[in-house]
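Report on the structure given below.
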Amino acid sequence: QVLLVESGGGLVQTGGSLRLSCAASRIIVSINTMGWYRQAPGKQRELVAEITSSGNTNYADSVKGRFTISRDDPKNTVNLQMSSLKPEDTAVYYCNSNRRGVTNWGQGTQVTVSS
């Protein structure tokens, strides 16, 4: 069974930073498209950032220039560095893997940005 475990969420003030990590088991992150999604209360889950197996990255317009997704192949983890956080970034953040249509999700980690 594939396991994606997120960590690093928490409470931070506006303008602060957080680093999320996703540790993967039973998949190899470097051959998957790995993504971070978020879901705020009452809203649909949305893509925040993703990194393909070739290392290409894609970001939601709302986080461009503030968030950076990266992959640590030896540790089999994917990270999301979040800076200049805003209250509207408050959400549960989920790690996702996708390879040839097979998708896996983590349980999520809460990020709360206070104003």
Radius of gyration and Dmax for the chain's Cα atoms, expressed in Å? 13.2, 41
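Taking the Cα centre of the chain as origin, sum charge times position over the Cβ atoms of Lys and Arg (+1) and Asp and Glu (-1), and report the length of that vector in debye to the nearest 20.
Details: 12 positive and 8 negative charges, 30 e Å.
Using only the charged Cβ atoms, the result is roughly 140 debye.
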Calc'd 3J(HN,Hα), the stretch 20-31, phi into Karplus 6.51 cos²θ - 1.76 cosθ + 1.60 (θ = phi - 60°), Hz, glycine/Pro = x, comes to 9, 10, 10, 9, 10, 10, 6, 9, 10, 4, 6, 10
Any aspartates and glutamates whose Cα falls less than 19 Å from that of K64, other than same-chain ones fewer than 8 residues away, would be E46, E50, E88, D89
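Across the stretch 56-101, how large is the tail of the calculated P(r) beyond 17 Å, expressed as a percent of all Cα pairs? Walk me through the numbers before you get to the answer.
Working: 433 of 1035 pairs.
I get 42 percent for the Cα pairs in the stretch 56-101 exceeding 17 Å.
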Near the amide H of V48, under 5 Å away, which other amide H atoms are found, from residues 5 or more places off or on another chain, if H is placed in the peptide plane? W36, Y37, R38
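Since every read-out is calculated from the coordinates, none of them should be taken as a lab result. Values in this document were obtained by computation on a predicted structure and should not be read as measured data. Don't worry about glycine lacking a Cβ; one is built from the backbone with ideal geometry, like all the others, and counts go over all protein chains shown.
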